[in-house]
Amino acid sequence: MSEPQQVRMVKCVKLHKELPGLDRAPWKGELGQRIYENVSKEAWRMWVDHSKMLLNEFRLNPLDPRSQKIMEEQMEQFFFGEGSKPPEGFVAPKH
């Protein structure tokens, strides 16, 4: 029987508390490393939901380098800046 997996905890910059961290860097480069070290799984899930809205509203192609740059800037804002803003005129869908 293998040892129980130790959960890596981080002081989440988004949620301001100690929470389980990501299993690996979710993005390439320095930003991915900062996210890995400072963002919880819970906050990353919040970003994934937010990023879907951004991709749709801005009509971004995840494979396009320009779109990746926009997403990277939004990710930086979401976790380490003022928070990623929805596009101009965006209205959240009613559930």
Inset, instruction - Could you please tell me which pairs satisfy a Cβ distance under 6 Å, a separation of 6+ or placement on different chains, a first residue in region 35-54 that is without any contact (Cβ under 8 Å) to a residue 24 or more places away in the chain and more than 15 Å from GLY81 (Cβ to Cβ), and a second residue that is surrounded by fewer than 17 Cβ atoms within 10 Å (Cβ to Cβ) and among the hydrophobic types (A, V, I, L, M, F, W, C)? - result: TYR36/ALA25
Inset, instruction - Identify, from the list VAL13, VAL7, VAL48, the residue that is surrounded by fewer than 17 Cβ atoms within 10 Å (Cβ to Cβ), assigned to a loop (DSSP other than H, G, I, E, B) and at pLDDT 95 or above. - result: VAL13
Legend entry - Number of the condition not met by PHE58 [criteria: (1) in contact with a helix residue (DSSP H, G or I) (Cβ under 7 Å, 6 or more places away or on another chain); (2) at pLDDT 95 or above]: (2)
Inset, instruction - Assess whether PRO87 counts as being modelled with pLDDT under 95, touching a helix residue (DSSP H, G or I) at 6+ places or on another chain (Cβ under 9 Å) and surrounded by 10 or more Cβ atoms within 10 Å (Cβ to Cβ). - result: yes
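The values are calculated or read from the model by the stated rules, or taken from the named source; none is laboratory data. Predicted model, so just to flag it, every value in this text is computed and none were measured. Backbone-built Cβ (ideal geometry, glycine too); neighbour counts: all protein chains shown.
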